[in-house]
Each structure stands twice: as structure tokens, then as C-alpha cells.
Amino acid sequence: MTTVTGTRDRSRFLPLLTAVLLLGIADSMIGPYLVLFGADEAGLSPFQVGVFLSLVAVSGLAVSTWLGRRYDRSASRWPAFVAVAAPAVGYLALTTTTSYALLALIGVGLLGAGMAAFPQLFTLARTHLDRSGGNAARRGTPALRSVWSLAWAIGPLAGAAVLSWRGYDALMVLTAVAFALVALPLLVLGPTPAPPPVAAAETGRVRLSRPMWLVVGSFTLFHTAMLAGSVALPLYVTRTLARPESDVGLLFSVCAVVEIPAALALILLPARIAKRGVILLGMLLFTAYFVLVAISTSMPPLIGTQIARGVALAVVGALGITYVQDLLPHATGRATTLYANTLTIGSLISGVLAGATAQALGYRSALLLCGALTAAGCVLFAAARISGRDAARPAGTIRPRDGSGVPDPVAPPAPRAR
């Protein structure tokens with residue numbers, strides 16, 4: 001990773017890579033099968049599964065926002081420790097009950113905090129890489145995203161193997177262990193660098209403009225479609241197509257394998273190429289994916305659709321984070337959490353949306369609905385470019401009655417992401 005961080009910073013970047021890898025394995029081992037656990041082990045209806053996932057998302061949204069703000073006030077590793085310890089306890093607790101009420105309490109009280117782990121790790125990474133200088137931050141995030149994809153290539157197959165070998169209890173225990181192990185490389189990482197004086201002064205003083213809210217809305221629709229599709233796809237494969245559970249793991253792993261080279265290729269993306277256009281192409285590709293998977297009825301074409309899914313997720317996942325971070329450079333924790341919360345809000349919406357649509361209209365209709373949501377996200381993202389020049393406005397900006405912004409001469413200019 002010398003080309004990414006330099007020899008001097010390797011000791012910091014390798015623990016980050018390891019932490020992201022372990023978190024990705026933990027998340028992907030259980031991710032495709034939590035829906036099936038609710039449906040098969042706990043005997044929940046599709047709608048009840050959707051409500052459970054949405055409750056977890058509400059908790060995750062609150063915890064992620066709180067930890068992101070705490071990080072910006074005082075950059076440290078402790079929010080990340082909280083975000084991996086809580087789900088470790090939560091997945092152990094899932095081995096003790098199938099009561100819907102208790103499952104909901106565990107989800108809200110413990111599992112939701114795990115949604116803050118991803119933004120916290122990428123916030124730590126941005127903080128360390130920014131202090132490295134050069135192209136470290138621009139190249140580091142795609143590298144970490146490729147490791148995340150590698151984890152998703154390993155995790156679903158490992159989860160399927162454990163599930164067929166020892167059942168859901170063993171899968172929950174192994175997931176809990178994986179979450180706990182994330183803390184080890186964070187201990188090795190060392191103290192978090194303090195923000196520069198300008199960043200410290202501006203933290204918490206950034207207002208989001210209308211174009212920025214359009215960007216946030218587009219990512220929310222994209223992630224809603226992504227997560228609703230992740231709920232519908234396992235059930236579509238096992239219920240509609242009558243395929244074994246192992247095929248679900250295969251599909252998720254193929255997608256993740258494709259994400260690895262796609263994310264690494266973004267490291268080579270010339271700085272002169274605007275991120276906005278590449279992200280929009282990724283969203284359009286994701287729209288096409290849902291149409292293709294909805295008309296596929298056998299494994300070969302389904303496996304083929306995962307190529308499109310993998311490329312789209314790599315592009316939007318890697319560039320989306322840096323895009324929002326570039327817009328809010330003085331509030332890295334809040335920026336990363338803002339992006340991650342579009343994922344969490346997507347979880348909140350997608351659980352009920354996918355469950356209700358699948359129960360009322362079938363799994364194929366749920367997949368097509370995901371395609372429509374992604375298309376709407378494309379429209380919002382494209383509209384953000386023509387709605388205004390600035391995506392973020394420092395608090396020092398004077399806003400007159402006509403709605404235009406007159407920059408305060410002592411306030412830094414509003415950042416613009418490429």
C-alpha cells in the first residue's frame with residue numbers, strides 16, 4: 001500500500017485495512033441471512049421482518065448521528081469501539097430467543113449501534129489520511145472500499161457454510177466474534193490526529209444548501225433501493241425460483257468479487273474527471289440491474305446481473321463517501337455520518353417497503369420497485385447540479401431575503417466536490 005499512503009504511514013493504514021476487512025466479514029456473514037433467520041427460525045411474516053429491520057435502522061440512525069457529532073467535537077477511537085461492541089453483544093443475545101418483542105428490543109438496543117461502525121472507520125481513515133498529505137485521502141478510500149468488497153466476497157459464503165453446518169446459533173456467535181475482533185486493529189492504530197485549527201474552528205458551523213439536500217436525497221433513494229433489493233433478492237431466489245440458500249450466498253459473493261477490481265480501478269481515476277458524472281453513471285447502471293434481475297429466472301443470468309450490481313455499488317460506494325467528505329471538509333465525522341445515514345434511512349424505509357410490496361405484489365414486483373427508486377435517485381442527483389453552485393455553505397455566509405448567499409470575507413469558501 002506504499003502507493004496509497006507512503007511507507008511512513010503504512011503502520012496506520014494497515015490497521016485501518018484490517019479493521020474494515022473484519023467489519024465487512026462480520027456484516028456480510030449475517031447480512032444476507034438475517035432476513036431468513038426472521039422468516040425461517042423466528043417464524044415472522046415478510047412484513048414483520050421488514051418492521052424489525054426498520055426498527056434496527058431507527059436505532060442506527062440515532063446512534064450514528066450522535067457518534068458522528070461526538071467525533072467532530074473530539075476526534076478519537078472510542079465511538080468506533082462502541083459501534084463494534086454493541087452488535088457483538090446483540091448477536092450473542094439473538095441466540096437466546098425468537099420472541100418478536102425481544103428481537104425488537106435487541107435490535108433497537110444493540111444491533112442498531114453496529115450501523116455506526118462503517119462511518120466511524122471511514123471517518124478515522126479520512127482523518128489519518130488527510131494528515132498524510134498528497135493523494136492519500138483520494139486513493140485511500142477506494143482502497144478501503146475494495147477491502148470492504150473483498151470481505152463481502154468472503155462473508156456470505158462463510159455464512160452459508162456455517163449455517164448449513166451448525167445452524168443459526170453458530171452463525172450468530174461467529175458474527176459476534178467477528179465484530180469484537182474489529183477492536184484489535186483499532187487498538188494498534190494509535191491516537192487519532194487532532195484536526196487543524198481552521199477545521200476545529202469550523203466544525204459544527206456548516207449549513208447544508210438545497211443542492212446538497214438533493215444529493216443527500218439521491219443517495220437515500222439509491223441506498224433504499226439497494227437495501228430493499230437485498231431483502232427481496234434472497235426471498236426471490238429461495239421462494240419464487242425455489243433455489244437453495246447457498247445460491248443466495250453465491251450471488252452476494254459474486255457481486256463482492258466484482259466490486260474489488262471496480263473499486264481498485266477508481267484509484268487510477270484521473271483527478272480531472274469529475275466524481276459527479278461517474279457517480280451518475282453508477283446509479284444508471286444500478287437501475288438497469290434491477291430490471292435485468294427481475295426478468296431472470298435461472299442462476300446463469302442472475303450471476304451475470306451481479307457484475308452490473310458490483311460495478312454500480314463500487315462506484316457509488318467509494319466515490320460517494322469522498323464526494324460528501326469533500327463538500328464538508330471541516331466536519332469529517334458529520335460528513336461521513338451524513339452519507340452513511342442515507343444508508344441507514346434507506347434501511348428504515350426499505351425494510352417495510354420491501355416486505356409490504358413482496359407480501360402484496362410478489363418478490364419480482366419488489367425488485368422492479370427498487371429499479372424505480374434508483375431511477376428517481378438519478379433524477380435528483382442530476383438536478384443537484386442545476387439547482388445551485390454551492391453544495392455546502394459555511395455558517396459565516398450571510399443569507400439575505402432573496403435567498404442568495406453573500407460570503408463573509410473571513411469565512412472559507414464553500415467547498416465543491418468534483
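We did not get these values from a lab; they are worked out from the coordinates using the rules stated. Since we're looking at a predicted model, the values are computed, not measured. Heads up, the Cβs are rebuilt from the backbone with ideal geometry, glycines too, and the neighbour counts pull from every protein chain shown.
Going by a ≥ b ≥ c, the root eigenvalues of the Cα gyration tensor, does the stretch 251-294 fall in the rounded group (a/c under 1.5), the prolate group (a/b larger than b/c) or the oblate group?
The shape class here is oblate.
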Discussion item. Treating only the Cβ of Lys, Arg, Asp and Glu as charged (+1, +1, -1, -1), what charge dipole size does the stretch 236-348 show about its Cα centre? Round to the nearest 20 debye.
Written reply: 240
Item to complete: Kindly write out, for the stretch 276-292 in residue order, the coupling ³J(HN,Hα) from the Karplus curve 6.51 cos²θ - 1.76 cosθ + 1.60 (θ = phi - 60°), rounded to whole Hz, with x marking Gly and Pro.
Response: 4, x, 5, 4, 4, 4, x, 5, 5, 5, 5, 4, 5, 4, 5, 5, 5
Practice prompt. Fewest Cβ neighbours within 10 Å first, please rank C255, C370, C378 accordingly.
Written response: C378, C255, C370
Discussion item. Suppose we take every Cα in the stretch 21-144 and form the convex hull; what volume per residue is that in Å³?
Written reply: 102
Practice prompt. Could you run the Karplus curve 6.51 cos²θ - 1.76 cosθ + 1.60 with θ = phi - 60° over the stretch 155-163 and give me ³J(HN,Hα) per residue in whole Hz, x for Gly and Pro?
Written response: x, x, 5, 5, x, 5, 5, 5, 4
Worksheet item: Between S246 and L14, what FRET efficiency follows from the Cβ-Cβ distance if R0 is 35 Å, with the result rounded to 0.05?
Response: 0.60
Discussion item. Give me the extension gain from R69 to A383: residue separation times 0.36 nm, minus the current Cα-Cα distance, reported in nm with one decimal.
Written reply: 110.2 nm
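How would you order 179-190, 54-65, 325-336, 260-271 from highest to lowest mean count of nearby Cβ atoms within 10 Å? Don't skip to the end; give the middle numbers.
Numbers: 179-190: 18.1, 54-65: 22.5, 325-336: 24.3, 260-271: 16.2.
Peptide ranking by packing, descending: 325-336, 54-65, 179-190, 260-271.
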